[in-house]
Structures are given as C-alpha cells and as structure tokens.
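*Asks:* Before I ask anything, here is the structure I am working with.
Each reported figure results from applying straightforward, stated rules to the coordinates on display, with no laboratory input. The shown structure was predicted, so the numbers you read here are calculated from the model rather than taken from an experiment. A quick note on method: Cβ atoms are made from the backbone with ideal geometry, for glycine too, and the neighbour counts reach across all protein chains shown.
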Amino acid sequence: MHNSFRQPLFENRRDAGVKLAAKLEDYQNLSVTVLAIPNGGVPVATEVASYLDAEMDIVVSRKIPIPLMPGGGFGAVADDGTTIFNEEVLRAIDLDEHQINYQVNQVRNDIRTRSLFYRNNRPLAVIKSKTVIIVDDGLASGYTMIAAVESIRRRQPARIVVAIPAASDKAVAEVQKVADKVITVETASVAKFYIADYYRYWYDVSEEEGLRYYKDYQQRYREAHFTPPLRITPNTDSFSQYRKRNY
C-alpha cells in the first residue's frame, strides 16, 4: 500500500479541471476541440471545455498491462490502432512475442468496447486544421498520452496541446517530444509519482459515470449553440395577387 504525506492539490477531478482551465486562458475564443481520455479524463475535460466554450469529444487510449502486474504497463494503444511500447520495460520483463500480442489484442478489444459505449457509432469530431487540447487526470509514465497524441496527429489538426492537472517531470519530457505544448497545474520531480496523491477524493471513474459527464456536456453544448431553422411565413395576399396577374 502507498502512503502519501503530501497535501492534495485538488479536491476531485472536477476541481482539477477548474484549476487546469485557468491555465488555458490563451485558448479562449479560438477554434478549439477538447478531447478527453476516458474514463478519468472526462470529468476534468468537461470543466476545461466549459471554460473554453469548446466542442468536446473523446480519444480512447489504454495502457498495455504487464501480465500478473496490472498496475504496471509496457506501452499503450489508441482507438485508431496506434501502438507504442516502452522498450526499457519490455527488456526488463522479458515477454515473448506471443505474450505481447495477447496483451495488445486484449487492450484493443477493450478499446473497441469503450469507444462504442461512449460514441455509439457517432462520427468523430472534425479536428483538421483546428487546435486540439487532449485532457487526462494525470501523467505518470506518459505512454497513454503519447499514443493518443500520435493517433490524433494523423487527423491533421493545426496544433496539439496536452493539458494535465498533475504530471511527473519525466512524463512531461516524453510527451513534449510528440505534442506541440504541454500545460500542467503541477509538474513533480519525485522518485515515485502517484496521480492519486494530488487528489483528496480519488477513485476509479466507471464507464457509466464517465458517460454521464460526457452526455451531459454534449447536451449543454448543443443547447447553447443550436440555432433554430428560420421559419418563413408566406405572404398569401401577395401570392394571390401574383397569380391573378400571371394566370
């Protein structure tokens, strides 16, 4: 069991989103799409998107767990199939090709299920030539975020910004290699980094809770930006006069 002696920086993920949003003032009034990594990144991202009055969608990226050590990972997979490996960890755990492929396929199956659960066959947000802000609840190794960034890069956004409440300095350094910018509330230089240390109330967000946050924001955004169609009432008198003149 891990015991932390640091003072939590955030009450919960929504509070983390509010504090993170304050760091993103430069992106207000721009053409921005916020992408959340579910499940934990969704409550954070809704606060960011609300502050920026931005469209929000998801990008599913999952850690590839080490067999018999689910808390550890040796890479990550994104929802378009983008796969990256932590070569240093792979050398240390000495998995054969069959074991690696098995773990990767398990994660891909989980990603397909999660994508369908959130998106339900809705099309992806159009992000070409736009600024994209990818949000999660923290960065430990950074590999899940790297897979997400490389996946999104293929959709040709103008710029990719990674926004994170708390991250290790090592993870930030790795993500900076693939993102255009990384913004954090707190970047920590510690021997062992645990995301949960930065939250007073920390728990695993379920798919059902993540979906509630996602659907609630989608509904609020549509209502705020929906323009009802123009209703034109024909001028019957003028039309009658027109008919008399022409028929």
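*Asks:* Given Cβ point charges of +1 (Lys, Arg) and -1 (Asp, Glu) and nothing else, what value in debye, to the nearest 20, does the dipole of the chain about its Cα centre take?
*Replies:* 1260
*Asks:* Can you classify segment 76-190 as rounded, prolate or oblate using the Cα gyration tensor, where a ≥ b ≥ c are the square roots of its eigenvalues, rounded means a/c under 1.5, and otherwise it's prolate if a/b beats b/c and oblate if not?
*Replies:* It comes out oblate by the Cα gyration axes.
*Asks:* Moving on. Using a basic spin-label model with each label point 7 Å from the Cα along Cα→Cβ, how many nm lie between Asp94 and Glu209?
*Replies:* Result for the modelled spin labels: 4.0 nm.
*Asks:* I need to check one value: relative contact order of segment 13-246, counting alpha carbon pairs closer than 8 Å and at least 6 residues apart, in percent.
*Replies:* 22
*Asks:* So if I average 1/r over every pair of distinct C-alpha atoms in segment 47-105 and take the inverse, what Kirkwood radius in Å does that give?
*Replies:* Details: mean 1/r = 0.0758 Å⁻¹.
It works out to 13.2 Å.
*Asks:* While we're here: Which one, [x] 1.26; [y] 2.31; [z] 1.04, gives Cα Rg over 2.2 N^0.38 Å as derived from the coordinates shown?
*Replies:* [x]
*Asks:* Measuring from centroid to centroid over Cα atoms, what is the spacing of segment 20-52 and segment 60-120 in Å?
*Replies:* Each part's Cα centre sits 26 Å from the other's.
*Asks:* Along its three principal axes, how long is segment 1-69 when you only count alpha carbons? Whole Å, largest extent first please.
*Replies:* Principal axes ranked by extent give 46, 30, 16 Å for the Cα atoms.
*Asks:* Same structure again: My understanding is that a pair violates if its Cα-Cα distance is over 24 Å; which of Lys19/Lys215; Lys128/Lys177; Lys192/Lys215 do that in this structure?
*Replies:* Lys192/Lys215
*Asks:* Farthest toward the dipole's positive end in the chain, which of Met56, Gly17, Val107, given Cβ charges of +1 (Lys, Arg) and -1 (Asp, Glu) about the Cα centre?
*Replies:* Met56
*Asks:* Roughly what % of DSSP beta bridges within the chain run antiparallel, to the nearest 5?
*Replies:* 25
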